[in-house]
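See structure below.
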C-alpha cells in the first residue's frame, strides 16, 4: 500500500501528524482476515483472473446495487439471471461494454467506500491511472483503464497467490456451508497453504426452515456424515461431525447470519418437536424463528466443547427487493438492514454461556443505534462477548469512526475483535484493512491530541487493534 | 445573501479555505424550492407584510413552542385561540408587546436554527441591527429593531414579489389540499408567475378517517369534481381529477404526511369495504391506518400514470401536546416525532413500484436512526427511491451535517433529492438554502481535505446538490 | 482542579483558544451536585477513607464490570458475594492484591471515562504519580501508587469534609429510599451541614411489585409513618408523609428509576385494585408495570402539591447478567440499557401536568437515539419538561458532546438541567464536573468559531450550564 499518503487522516496538522506516526506502527503489520467470503477455489486454482469487468464490477453487489438505484439493471452489468426468470432480459456479456457503463456512472460513487476501494485497487494493486468519467461518450478513459488492467491480469505477478503474498496476508478465512466438502481447502493444504487459508463453519442453511430446500439439505447432511438426520439427535451429531471436519480444514470460528438476535434455550424435546415440524413441512414462521433461536444456543454449547469462536450477524432483511431476488437470486444487493434487539434477544444464550470462560461470542450489527445502547454495554459486561467490526453498510470511513466514538467509552478497545474485511473482492482486501488502520490512527490521534491517552499507549493500542487482537480473539495463535 | 462570510464553515484553515471555494460555486445558483408551505395568496396579492411580530413571531411555531417550553403561553405571543377554547385566555394583539416578549427571551434560542435564521433575516433581508436582549426591561433594543423592520415593510422593495426576485428564487412550490380551488395560483398564472409559483397535491385530509370532518370533505370532493364520492371508485376518480387540476396549476409532486410509513396493497374490494366503514362511521383505528396505508399504494399507482413525484413524510405524532391542540389547534408546535419502520412498512409499495422507472418516491424522516439503517440502503438499492432533505427538527446545521455523514457512504449524493426549505416563513427561504449550501460545502471540503474526492468533482457535486438535483428529481426541467 | 491544562479541548488552535477562554469562566464556579449516590454517612462520620482498593476499585462497578468483561471475576476484586451464593467463591480481602490485579489490567481502560476519572483523581486529588502497567509482574508501579494514596488517606486533609471543601462543592444531593430514617442527614444538620448535603426521595422499591420483599416494605412504611398502608389511600398518605420528611432533610427532588417511561393515569379505584393484587401476591407482570406507570402520575400529582422536582431515569434492564446478580446482588455492573419510548409512554403524564407551571420533570436516557427524535422535542415543547444530563454509560466526553450536538438545535440550552455526576465515587465528583465543563466549553467554542454565537453570549451560557441552570431547575435557590 502507498503508506506515505495522508488519505483519510484528519485535517488539523497536529492531529494529522500524530495519526501518521500511529499509522506507521500499524502499516507494516501482516493482515489477519478472520472473516470473509473469498472463494477458496481462487487460491486453490491460482488461475489468472478473467477480464476487469468480471473481476471488479459483476460480482460486487455494492457496485451493481448503486447502479441499479439509478436505473441501470444488473443484467446490463453482466449479472446472470436465474433459470426461469423473465426471458426478455438479456444479460450483457461483453466485459468492455459493462466496464464502459460502469465508468460512465462513476460520479454516483462519490463519497462512497466503493469509490475509495476501487480507486486504490486501481492505483495500489494494478498501478493504472484513475478512472475519469466524461468526454462525448461519457465513459472518459474507461478503455484505457480496462486495457491496462487486462494487461496486468495476464502476468504471473497478478495471480491470486502472488497477490496474497504481496498483500502481506498472514491468514485468510473463507466461509463455507456445512455441506461443502472443503475440497479447495484440501488442495490448499496439500500445497502447504493450509495454515494461510482456513474455512469458517456457517450452518445457516441447515437451521432455517424458511430457506427453500431445507429438508433436502438435512438429508444430504445425513448422507455426508453417515448420521441419521431424520432425528433431532442425529441432526446434532451430524453438525458436530461437520464442525470437526471444518476444524480439520483450519476453522477456528463459526458464523451465523440470522434475521434477528433472538436466542432460545429449549429443552431437547421441545427442539425435537420443532425439528420434526420442519421436516414434515408443518412449521410456521414462529416455529422457524424459534428453531433458529434455539440452534444458536445449541451451537454455543458445541462451541464450549470444540472451541470454535461464535460470530453472530443479525439484522438483515434478506431479499427485500423482491424483483431483484426473483430475477437474479440471493446476495446481489437486495438486502436491507432492520432494527435488532440484542438485549432481550441474547438473554437466554448469555444466561447459559455469557460468563463461561470457554465461550466466545463476536457480535456484529447493521443497526448503529445499538452501539452505545446495547453492544458496548454487553461487551463491556460479559466475559464471553466481543464486538465485531462495523459490518457491510457500515464498513466505511464514517462507519468505522462512529464505531470507535460510540463503543470505546463503554467497552474499551480490548472488547472489540479487530477489523474483518468480510469481502468477496479479493483485490480489495488490503485497502479495506488499510482504511480501518487509518481510521483507528485518526481516532487514537484525537485521544492523544486531546490529552486523553499518551502516545506510547496509543501506539501499542493500534498494533493490538490491527494485528494482535484479531489473532487472539479468533484463537488464531495456534 | 452575505456570501463573503465564513458563517458555518469548519474552523480548520485548510478545510475552511476549500469550503469557501466550493460555496462560491453554489452561492450564485438560483433557489429551487420544490417543497414548502408559503401561502400562495402572499404572492398573488403582493400586499405589504403587516408588522414585524405578525411576520416573524406569531406564525412561526419553532419560535412559539420554544417560548412555551419556558412558560410563555402562545396567547401572549398573539397566537389565536380556537372558537370554544378557554374563554379566560386573552390573546395579545399589540405587535410591539409580542415583539418585546420575544426579544426578552432571545437567549433561549442560542444554538438553535431559529436564532440563525432570524439573525440573518434581520441582517440580510432587512439590514437592521442584531437583536440584543438585556437592559432594565430585559428586551434590550427590541423597539429599535421593531421600528426599523416596520419602516422597511412599508417600502415597495419589501413586497413579496420584490423579495422573491431579490432572493433569486427560480421556483417555489406551495402545498394545498385537494379541496383548495387553487385560486391564488390562477391569479399568479394570469400575472405571468405561473412557472415560478406552483402547487403540490397533498391529499392527507381526504384519506384519514381520524381527521375530524372526513365524510364532509369526501362529499365536498364529490361536489367539486362532479364525481360520485359515495363509492370508492368515484372517490378514486375524483382524486384523479383533482390531481389533473393540480398539475394544471404547475404541480409536479404530491406530498403525504402519514403517522407511519406503513403501506398496504389491498384489493379494490377490500379497500372499498374500508372506505364504506369510514363513511358510515364504523371504522376503528386499525381500519383507519389500513386505509391510509392502502391509499399510499393507490397514489403511487396514480403517480405512475400522471408522473407526479411522490413525497412521503411519516413519523410525527400529531398534537401530542393536547392542551395546545385544544386551545390553539393544529400546526402550532404540539407535534412530536416518533420511531418509524420504513423497511417493513414500505415493502408492499416497493414490491409494486420500487423498480418501476416511471415511479419516483422521495422519503423524509424525523428519526435520524433510519439514515444508515434503512433510508440510505433503500435509496441506494431501489431505482424509484430518493432521500429527501433532513426535515423539520433536523433542518439545522448539525442535522444537515449528520445527514451527509450518515447517508452518503451507502446512497451516494445522487440518490438524495436536494434541499427543501419546507417553510411557512417566506423571508427565511434564502437563509435556509444558504445554510444547506454551506453545510454541504463544509462536508465536501472535508472529503477533499482528507483526500477522498478531487476538488473539481466536489465543485460539480455541490452545484448538483444545490440546483441540478432538485430540478431533476422533482421533474422541474419542463 | 488543574485548570491550566488543555485536557479534552479541541485540537484546532482557534477553537482551543476560545474553549480555554470559556472554560476559564466556568472553572471557578462552585459545584452543584443535585443528583448522586454518595453515602451520606461518609460525610456525617467524616472518618478517614480505608485503603485505596476499597476506595477506588471495590465499589466502582464501572471498574469491576470492565475487568469482568475480560475474565476477572468481581470476587477477585474484593466484591462481596451474597449470603447463599456459590460457596466455592473466595472473595479477595487483601487491598494490595486487588490493586495489583487492577493495575495489571490498566490498559483495558484506555479511551474510557473511568481511565480519565481515575487518572485525574490520582493527579488532582491525591497528587500521586500516574499508574503505569508493565514490568515483569505486569502491574508496573502499582505498589508505589498504592502506598502514596494510602499515606495521603491517613491525613486530616483527605477526610471527606476537608475534600468537600477543597472540591468547592456548594451542594451535594444524596439519594435515599423512603424507608431510610435519614439519620446521617440529621447528624449533618446538627453539624451545620444541612444546607450542603441534602437527600432525594427515591420511592422505586415501594412501587415495584416485582422487587422482592415489596409487601414487607409497604408494611414497614406503615409502621414508620403511622399510616394504614394495607389500603391504597393509606399507602398514598404514607408516601406523602415520607416526602415531607425528605423535604425537611433538604430534598428538592424525587428520583424514579423505572424499566420503561410508561405512565398511566388510572382512577383511584383501578389503582386500588392493582395495589391489593400486589399485596396479596396475585399481580402479574402487566399489573406490576401498570402500577409503576400509574404511580409516576400519582407522584407527579404530589409534586404539584409539594414542589419536589421529578426526575425520571427509565431504560435499564436491571440484572441482565443473571450470574452476577445471583452471586453479587444488585448494582454491581450487570444492568444493560434498552430502547425506551418516551413519546407514547409519557403522554398520560404530560396530558395531566405537562403544561402546569407548578410541575417540573427532568428526563434522562440511556438510549441516545431519543435525543433528537423524542427528548429534545418534548423539552422544547412542554413547559414542565427538562432534559437531564447524559447518564451512566453516556456520562463521558463523547457522550456529553453528542448530547449538546443532538439536543441544542431543538431544545436550546435552557431546557437542559445542567450536569449531574450521579456518582457513588466521592473523589471523582470534581473531575466529572470538570469534564462536563470542558466539553461544554469545546462545544460552545465551535459555535463561536463557526460564527454561530458571539463570545459574550457563549460565556454567559457556560456559566448558566455550569452553575445557574442546575440551581434553578432543581429549585435550589431557596
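Where a number appears in this text, it was derived from the coordinates with a stated rule and is not lab data. Here the structure is a predicted model, which is why all the values come from computation and not from measurement. Glycine also receives a Cβ, built like all others from the backbone with ideal geometry; neighbour counts cover every protein chain displayed.
Peptide A:374-385 shows a mean partner chain C-beta count of 6 within 10 Å per residue C-beta. If I model a spin label as a point 7 Å beyond the Cα along the Cα-Cβ vector, how far apart are those points for residue A:477 and residue A:268 in nm? Output for this residue pair reads 3.7 nm.
Listed from fewest to most Cβ neighbours within 10 Å, the set B:200, C:231 follows the order C:231, B:200.
Counting only DSSP beta bridges whose two residues both lie in segment B:283-399, roughly 25 percent are antiparallel. Computed extension gain for residue B:191 through residue B:212, at 0.36 nm per residue and net of the alpha carbon distance, reaches 3.9 nm.
Placing a pseudo-label 7 Å from each Cα along the Cα-to-Cβ vector at residue C:17 and residue B:451 gives an inter-label distance of 3.0 nm. Averaged over residues, the count of other Cβ atoms within 10 Å places the peptides A:134-140, A:181-187, C:88-94, B:183-189 in the sequence B:183-189, A:181-187, A:134-140, C:88-94, highest first. Computed from the Cβ-Cβ distance with R0 of 60 Å, the FRET efficiency linking residue A:241 to residue B:168 stands at 0.25. DSSP beta bridges confined to chain B are antiparallel in about 15 percent of cases. Note that segment B:118-183 carries a Kirkwood radius of 14.5 Å, evaluated over its alpha carbons pair by pair. Label-to-label distance for residue A:248 and residue B:463 is 6.5 nm, based on points extended 7 Å past Cα in the beta-carbon direction.
Taking every DSSP bridge with both residues inside the protein assembly as shown, close to 10 percent are antiparallel.
Remark: mean inter-chain Cβ contacts per residue of A:410-421 equal 4, using a 10 Å Cβ-Cβ cutoff to other protein chain atoms.
Report the semi-axes of the equivalent ellipsoid for the protein assembly as shown in whole Å, largest first, where each axis is √(5λ) for an eigenvalue λ of the Cα gyration tensor. Show your work: numbers first, answer last.
Values: eigenvalues 410, 409, 226 Å².
Equivalent ellipsoid of the protein assembly as shown: 45, 45, 34 Å, largest first.
Cα centroid separation, segment C:330-392 to segment A:316-380: 28 Å. As a length-normalised measure over Cα pairs under 8 Å and 6 or more apart, the relative contact order of segment B:49-155 settles at 26 percent. Separation of segment A:421-475 and segment C:274-296, taken as the distance between their Cα centroids, equals 51 angstrom. Centre-to-centre separation between the Cα atoms of segment C:203-230 and those of segment C:70-139: 38 Å. Over every Cα atom in chain A, the radius of gyration and the widest Cα-Cα span, Dmax, amount to 22.7, 69 Å.
Quote the relative contact order of segment B:335-478 in percent (integer), defining contacts as alpha-carbon pairs under 8 Å separated by 6+ residues.
Working: 158 pairs, mean separation 28.3, N = 144.
For segment B:335-478, the relative contact order is 20 percent.
Extents of segment C:344-478, taken as max minus min of Cα coordinates on every principal axis and listed largest first, are 41, 38, 34 Å. Scaled to the globular estimate 2.2 N^0.38 Å, the Cα spread of segment C:52-128, given as radius of gyration, is 1.13. With a Förster radius of 22 Å applied to the beta-carbon distance between residue C:177 and residue C:80, the computed FRET efficiency rounds to 0.65. Here the extension length gained between residue A:318 and residue A:286 equals 9.8 nm, from 0.36 nm per residue of separation less the Cα-Cα distance.
Quick check: from the Cα gyration tensor, does segment C:219-291 come out rounded (a/c under 1.5), prolate or oblate? Before the final figure, lay out each step's value.
Working: a/c = 2.15, a/b = 1.32, b/c = 1.63.
Judged from the Cα gyration tensor, segment C:219-291 comes out oblate (a/c at least 1.5, b/c at or above a/b).
Compute the relative contact order of chain B as a whole-number percentage, counting only Cα pairs closer than 8 Å that sit 6 or more residues apart in sequence.
Values: 803 pairs, mean separation 95.8, N = 478.
Reported as a whole number, the value is 20 percent.
Inter-chain neighbour count for A:107-118: the average number of beta-carbon atoms from partner chains within 10 Å of each residue's beta-carbon is 6. Estimated purely from DSSP H runs of n ≥ 4, each contributing -39500 (n - 2.57), the mean residue ellipticity at 222 nm for chain B is -13000 deg cm²/dmol once divided by its residues.
Most exposed first by the Cβ proxy, i.e. fewest other Cβ within 10 Å, how do C:368, C:289 rank? If you can, show how the numbers build up before the last one.
Numbers: C:368 23, C:289 19.
By the 10 Å Cβ count, ascending: C:289, C:368.
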